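Novice: Below: one structure in structure tokens.
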Amino acid sequence: MDPVPQTRPRTQPALRRAPVQQRSAERLARILDACAVLLDETGYEQLSTRTVAARAGVPIGSVYRFFGNKRAMVAALAHRNLDRYAERVSDRLAAAPLLDAHGAIDGVLDEFIEMKRTVPGFALVDFGVPAAAPGETAADGTADGAAEGSAEGSAEAVVEDPNRLVAERICALLATHLGRAADEELHRKVLVGVETADALVRLAFRADPAGDPALVAETRCLLHAYLAPSLS
């Protein structure tokens, strides 16, 4: 069986400046780590670039070197979450090359739920940024989503239709693992599965902070019944 590919997204985070040195990359990681923790503590509305800079132990200018506002920062966190989720699914499939369709679907769902439970900020921001209200202003006074001389500040330019991006990554991983062509029909099926699982897992975590087991089980049954025949 061919190795499971480490798929990449079609969109990239709209960083004002990409890190070119290890120290800069580490600083960016600290900023995103702090952003994730503060999302759990304060929520999105109260998040600001200044509080993130303080928590990360970096000057506010370091945050603005990478991001125009908090929305672009959170979009970059969502992008990192998607990369890490795809890596976890890829590693899980590679570690069990004999998994059938049901087992592969379980891996995709289980990794998502585990990240919901354990990854800072993921319960609020998994692969997409919370919807902005009209005229929303960031907590630090910067107009949220407003470009500063370009589209760099716009989160919408960073991640468009997060579930479609998730579906593309997962479709490629499942198709390769199961030796099935990633054709238009499978892309459509996986997209419907992702949209459905997203809604049901959100429901499960509203009912129980750890994810209601009965609702998770229903989600699993639904995905098995709907997706497994297309993956065989």
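Novice: FRET efficiency for ALA210 and ASP161, Cβ-Cβ distance as r, R0 = 35 Å, nearest 0.05?
Specialist: Values: r = 29 Å, r/R0 = 0.82.
The calculated FRET efficiency here is 0.75.
Novice: I would also like to ask the following. How many nm is it between the label spots at VAL37 and ALA181, if each spot is 7 Å from the Cα in line with the beta carbon?
Specialist: Going by the 7 Å Cα→Cβ label model, 5.0 nm.
Novice: Using a simple charge model, +1 on the beta-carbon of Lys and Arg, -1 on the beta-carbon of Asp and Glu, nothing else, what dipole does segment 174-232 show about its Cα centre, in debye to the nearest 20? Walk me through the numbers on the way to the answer.
Specialist: Details: 6 positive and 8 negative charges, 14 e Å.
With Lys and Arg at +1 and Asp and Glu at -1, about 60 debye.
Novice: Once R0 is set to 30 Å, what does the formula 1/(1 + (r/R0)^6) return for the Cβ-Cβ distance between THR118 and ALA225, expressed as a FRET efficiency to the nearest 0.05? Each step should come with its number before you reach the end.
Specialist: Numbers: r = 28 Å, r/R0 = 0.93.
Calculated value: 0.60.
Novice: Take VAL192 and ALA131, extend 7 Å from each Cα along the Cα→Cβ direction, and tell me the distance between the two endpoints in nm.
Specialist: 2.4
Any read-out appearing in this document is the output of simple, stated calculations on the displayed coordinates, not a laboratory observation. Only a predicted model underlies this, so the values are computations on that prediction, with no experimental measurement involved. Reconstructed Cβ throughout: ideal geometry from the backbone, glycine too, with neighbour counts over all protein chains shown.
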